[in-house]
Structures are given as C-alpha cells and as structure tokens.
Ligand code: DGL
C-alpha cells in the first residue's frame, strides 16, 4: 500500500520551515503542502481562544488540499490547541511531546530549559510532558517575544550584535539555572541556533523539535505503509496569508531551495 497524498504542515509564519527542512531531509519523496499564516503572525502573544480558532482554520485549509496527515509545526498551537486534533479526519503531529522526549533522553543533570512564546510558556506544556517522563527533572522556562520578529525580519545571523545581545538577555536565567539541555520550544527558534550556540558556548544541548517530529513522522509513514510511491522528488507547495515576497526570500534561505512564484501563493484569509 502507498499514499501519494501530501503531508500538510502549518505555522503562523516562517518558523514551520525549520520542521519542513528536517522533513525533506528524511522524506525526500514526500509531497508537502505548507501554510504559513503570515497575515496573522505572531500567534504566541494571543489568547488561547484566538490561537485555537486560527489553528482550526489552518487545519481546514490543509484538509482542502487532501493531505494524509497534519503537522502543527508551531510550538504555540501544539501547546494550547493540540486537543482539537481528536476531531481531525487525518493523523496529527504536534511539537511538544517529541521535543520533551528528546530532551529527557539528552539531559545528564536533569536540568532542562525551555524557551518559547508567551502562550507556550504560560501553558506549561513542555514541563508537564517532561515531568511525566522524568519526575525529578528541574525545568526552567522563559519566553522570548523578540525572537519571532527578528526571524521574520531576516535578522538571524550569528554575528549580528542585535541578535547576540537579545539571545544573551533571554538565555541568562537558563544559563544561571545550570541547564544542560534546552528545548527550542518555538519553531522559529532553530533559525537562531547559531547565535544560541555562540551564547551558550556549546555547553548546552539544543533540542530542535523539528528533528524529533520529523523522525516520528518518517517512522509513522513507514510503519503504516503511507509512503509516496512516486519515485520522483517530492513537490513542495507553500501558501501564505500575506504577500509572498518576503516569505519567498527568507524561505529560500532557510530551506536552501529557490522558491519561484509558482511555488508560493497567497491565500485570502476570508476563505479559510
Ligand atoms: N513558530 C511558532 C511557534 O512555534 C509561532 C510563533 C508565533 O507566531 O508567535 O510558537
């Protein structure tokens, strides 16, 4: 058996591309439909009800593209709106449980840091999952509200003084808590991995949820014989809810593949 339908991925903007990058690396034959809600980013400063509403609309959009599974490539949605997944007609993957497992496997001193959006940190989602797996863990969580606008503006160079200073300030409590492992709990944050690594001087193991989730998805596809049997390279189509120009430019850098106009299309939010 095989399934040639695409994998559906959504995020509030560019961040989910860190998941797509890992997904393509492990599943080069799979087609992907990506929706980035660039017209309404950020999600992480909004109320739970608004995030749930947006997530439901994003999922509906992907279902219209007949996807075989959906990945909420957004730490915020995964933290506050993953419970709605039970109503979806296709399998659903979120970012929190897989990242928590990877962090628990990586830590040696049981001190785990989590950074994410305000909504993610308030939800305590990562802490709950970590403590289920490792009750004696000490979890230090902090929100980094400036990271998403930095990434969306293309400011992520590891030599950029503004980026480095911002990272330094947000990570100070995690470093002084002695964490040996840090979950990058928002999918935008792996874009800042170079700067984060510089600030932490390589002393903290960074957990990129995109790696953990794409491994879980690959395994699921194989186990359930859902692979795309067309042997060619997968087709990747991107949809955004604001003008595509800056998304296209940043996406090409983040994915390492040129995205021309035919691959990035704008969707009218009122049709979601
Ligand atoms: N990349 C998303 C996340 O993982 C959303 C950031 C935002 O929209 O605030 O949380």
List, please: which pairs have Cβ atoms under 6 Å, are six or more places apart or on different chains, and start with a residue in the stretch 149-168 that is at pLDDT 95 or above and end with one that is outside any helix (DSSP H, G or I)? 163/155; 166/146
Any chance you could count how many residues in the stretch 86-121 are touching a residue at least 12 places away in the same chain (Cβ under 8 Å) and within 26 Å of residue 50 (Cα to Cα)? 21
Check 54, 43 and return the single one that is in a loop (DSSP other than H, G, I, E, B) and either within 16 Å of the ligand (Cβ to nearest atom) or under 26 Å from residue 228 (Cα atoms) (or both). 43
Mind checking which residues of the stretch 60-90 are away from the ligand (no atom under 11 Å from the Cβ), closer than 20 Å to residue 209 by Cα and part of a helix (DSSP H, G or I)? 82, 83, 85
Answer residue from the stretch 1-31, given it is buried (at least 24 other Cβ atoms within 10 Å of the Cβ) and within 14 Å of residue 222 (Cβ to Cβ) and is nearest to the ligand (Cβ to nearest atom) among those: 23
For residue 203, only one of the following conditions fails: (1) surrounded by 15 or more Cβ atoms within 10 Å (Cβ to Cβ); (2) touching a residue at least 12 places away in the same chain (Cβ under 8 Å). What is its number? (1)
Quick check: anything in the stretch 152-164 within 12 Å of the ligand (Cβ to nearest atom) and under 19 Å from the mean Cα position of the chain (by Cα)? yes
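The values are calculated or read from the model by the stated rules, or taken from the named source; none is laboratory data. This structure is a prediction, so every number in the text was calculated from the model and none was measured. Backbone-built Cβ (ideal geometry, glycine too); neighbour counts: all protein chains shown.
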